[in-house]
Amino acid sequence: MLLKSYKMTRCAVVLLLAISLSACSWFSSSLAGKPTDTYLQPGIRYMDLNKLELAKENLLKALEKESDNARAHSALAVLYEKINHFDQAKQHYDAALSISPDDIGIQNNYGKFLCDRRQLDRGLVLLTQATSNLLNDRP
């Protein structure tokens, strides 16, 4: 009787362990997202915390993983703008806009960037595009 109880307990433990492991792999794969997100999200967060060197490292790694990621280019453009590297900011805004020309956030940020640099014609076009989009809830 004791042996039978031991075997049943052992089977139950193995079954629970198998279920737990399969659940963990399901959750980790669904939460991981794209490989770029591994670096993009921390990069944006570091920028919010004003840890700009860490932000730059993560955003550059995100672009190494996926060079045509508009969000990574846009975030890097904002970072370069923040540290007054305007030529690099412009390059990344251009890249982001060419990859995702209808992105409201990119249009807003790049339009403001251009207006701040007295490139009013192009800046106002981008800001007008962004504000005329009915999905835009930004002022």
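Values quoted throughout were computed directly from the atomic coordinates according to the rules given, and no laboratory measurement underlies them. A quick note: this is a predicted structure, and the numbers were derived from the prediction, not measured. Ideal geometry is used to build each Cβ from the backbone, glycine not excepted, and the neighbour counts take in all protein chains shown.
For the range 79-105, give me each residue that is crowded, with 19+ Cβ neighbours inside 10 Å and under 13 Å from the mean Cα position of the chain (by Cα). Matches in the range 79-105: Ala96 only.
Checking each residue in the range 95-126 for being within 23 Å of Lys56 (Cα to Cα) and without any contact (Cβ under 8 Å) to a residue 12 or more places away in the chain picks out Ser98, Asp116.
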